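As structure tokens, the structure follows; a few thoughts come after it.
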Amino acid sequence: MRIVLFGAPGSGKGTQAEMLAERFGLPKISLGDILRDEVRKGSDLGLKVKEIMERGDLVSDDLVEKVVEQNLNSDGFILDGYPRNQKQAETLDSILSRTNSAIDAFICLDVSPDIIINRLSKRRVCRACKVNYHLDSSPPKKDSLCDFCGAKLTQRSDDAPEVIRKRLKVFAEKSKGVFDFYKEKGIFFLVDGNKKIEEVLSEIKSRLEKSLGGLSGKIRGHKNES
Ligand code: AMP
């Protein structure tokens, strides 16, 4: 089963991707996490993308295409953060078609702007475990420290208010092309992402169940018939 989770920054796609990946035993591939790791390591790629990410712009299609090719296992995955524009959707299609496979479902989390701003401005992250916290709805047990490893929680530099605005603008400009691409393929699912985490997860699962006709046989190794 190959699933794309799509949504504005703060829509909860990372959280849902993590839970779906665990539930179905599939790898979660998060472009944002991979790129942030490269920045932290100070690799060539990290140095190229650091500033772009800090100002809330998208990294060039060529650079992210290489990252996707290196990390994608066409047997099955939950993909978070790719594609983000129509060109990337076409690229993903062509990468997968080389192994005679394709995306099974494109899930878009629909969240109101007020909720997004609240989630992002109060988000805190553990760099070590990559666990996200929210200062009101899921705060750490000890102030500013990760519940799992005790590391100090930080705020993502791109969660600053002016960068949030920029990221939302970029999202609004680029998403229509991606929607149209997957609507045409008949695998576009809009899910209400304003609800609680467990409710959103259960809606995603029931949409997948209905559309893929039973998830169990689809989890690994499903190939197109062509
Ligand atoms: P995210 O963690 O998904 O919010 O991504 C954080 C940042 O990583 C984005 O604001 C972009 O700068 C960069 N990024 C992640 N995925 C992509 C992508 N598919 N295309 C271009 N840039 C990306």
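Each Cα pair under 8 Å and six or more residues apart adds its separation to the average, and for the chain the resulting relative contact order is 30 percent.
Hey, which of these cross-link pairs are over 19 Å Cα-Cα: K13/K174; K87/K185; K169/K196; K13/K195?
In this structure, K169/K196 exceed 19 Å between Cα atoms.
Across every pair of non-identical alpha carbons in the range 1-134, the mean reciprocal distance, once inverted, gives a Kirkwood radius of 15.6 Å. Across the range 84-177, Cα-Cα pairs more than 17 Å apart make up 63 percent of the total.
Taking the C-alpha atoms only, the angle from helix 161-185 to the longest principal axis of the chain is near 10 degrees. Under a 5 Å amide H cut-off, with hydrogens placed 1.01 Å from N, L145 pairs with L153 among residues at least 5 apart or on other chains.
Using the alpha carbon gyration tensor of the chain, what are the three equivalent-ellipsoid semi-axes (square root of 5 times each eigenvalue), largest first, in whole Å?
In descending order, the three semi-axes are 27, 21, 17 Å.
When the chymotrypsin sites (Phe, Trp or Tyr not before Pro) in the range 81-156 are filtered for DSSP coil states and for at most 16 other beta-carbon atoms within 10 Å of their beta-carbon, the remaining sites are F148.
Estimated from helical segments only, the mean residue ellipticity of the chain at 222 nm is -15000 deg cm²/dmol, where each DSSP H run of four or more residues counts as -39500 (n - 2.57). By the rule of a C-alpha distance below 18 Å, with chain neighbours fewer than 8 residues away ignored, the aspartates and glutamates paired with K210 are D104, D192, E199. Please list, by residue number, every one of the trypsin sites (Lys or Arg not before Pro) in the range 39-119 that is coil in DSSP and has at most 16 other beta-carbon atoms within 10 Å. The qualifying sites are R55, R98.
For the range 112-166, the tally of Lys pairs with Cα-Cα distances below 19 Å comes to 10, considering only residues 8 or more apart or on different chains. For the range 86-226, the share of DSSP beta bridges that are antiparallel, to the nearest 5, is 55%. For the chain, the longest principal axis of the Cα atoms and the long axis of helix 61-71 meet at an angle of about 80 degrees.
The numbers here are math on the coordinates, done by the rules we state, and not lab data. For clarity, every value in this text was computed on a predicted model and none was experimentally measured. Cβ sites come from the backbone with ideal geometry, for glycine too, and all protein chains shown count toward neighbours.
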